[in-house]
1. For the range 1-83, what D do you get in µm² per second when you plug the Kirkwood radius from alpha-carbon pairs into Stokes-Einstein at 10 °C and 1.306 mPa s?
2. Averaging over all projection directions, find the projected area of the Cα convex hull of the range 90-151 and quote it in nm² with one decimal place.
3. Return the calculated 222 nm mean residue ellipticity for the chain, to the nearest 500 deg cm²/dmol, obtained by summing -39500 (n - 2.57) across DSSP H runs with n ≥ 4 and dividing by the residue count.
4. Taking every pair of alpha-carbon atoms in the chain, give the share separated by more than 18 Å as a whole percent.
5. Where does helix 49-66 land angle-wise versus the long Cα axis of the chain, in degrees 0 to 90, nearest 10?
6. According to a simple spin-label model (label point 7 Å from Cα along Cα-to-Cβ), what is the distance in nm between residue 123 and residue 22?
7. Might you report the magnitude of the Cβ-based charge dipole of the chain about its Cα centre, with Lys and Arg at +1 and Asp and Glu at -1, to the nearest 20 debye?
8. Amide H neighbours of residue 69 under 5 Å, at least 5 residues apart or on other chains, H built in the peptide plane: list them.
Amino acid sequence: MASKEEQLVAMFAPAVTALECELWGLEYVTSGPSKVLRVYIDKADGVALEDCEKVSRQLSSLMDVEDPIAGEYSLEVSSPGMDRPLYTLEQFQRYIGNVITVKLRVPFDGRRNFKGKMIGIEDGDVVVVVDNEEYLLPVDSIEKANIVPQF
């Protein structure tokens with residue numbers, strides 16, 4: 001059975017694409033009675049406020065019809081930003097050579113948090129160099145990953 005996030009991605013992707021944006025990813029966060037659905041969109045020439053507004057209106061309408069989340073929730077639509085989260089192997093592939101932070105669902109080599117330069121992808125694993133040591137982190141075990149902006 002698909003997770004709530006996977007169901008929402010499948011539902012939202014065609015609508016976001018129709019508005020000439022890319023569905024970068026989403027987060028469905030529940031904390032007690034409050035629920036937040038955060039949707040990240042991207043465009044080659046950058047995301048403008050108008051893009052977020054158009055996508056928000058379209059997704060709100062879609063949510064009203066499909067009603068995939070019971071009760072009240074907040075919908076947020078934004079650009080992934082400079083410290084963009086990474087969700088898919090294809091997204092990791094785009095940012096090879098960048099410094100990333102990774103939090104794993106379960107410890108690997110006694111740790112869950114990694115920060116280092118991503119040097120490649122091997123058989124579904126993200127290859128990260130941390131303190132001159134190479135780690136192969138299975139993408140399926142990554143809870144959260146973000147680009148570290150370099151200035």
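The values are calculated or read from the model by the stated rules, or taken from the named source; none is laboratory data. The model shown is predicted, which means the values in this text are computed figures rather than measured ones. So basically every Cβ, Gly included, is an ideal-geometry build from the backbone, and we count neighbours across all protein chains shown. For accessibility, only protein heavy atoms count, side chains too; no ligands or nucleic acids. Shrake-Rupley method; radii C 1.70, N 1.55, O 1.52, S 1.80 Å.
1. 122 µm²/s
2. 4.1 nm²
3. Helices in the chain give a 222 nm mean residue ellipticity of -8000 deg cm²/dmol.
4. Value for the chain (Cα pairs over 18 Å): 61 percent.
5. The angle comes out at about 70 degrees.
6. 2.8 nm
7. 420 debye
8. none
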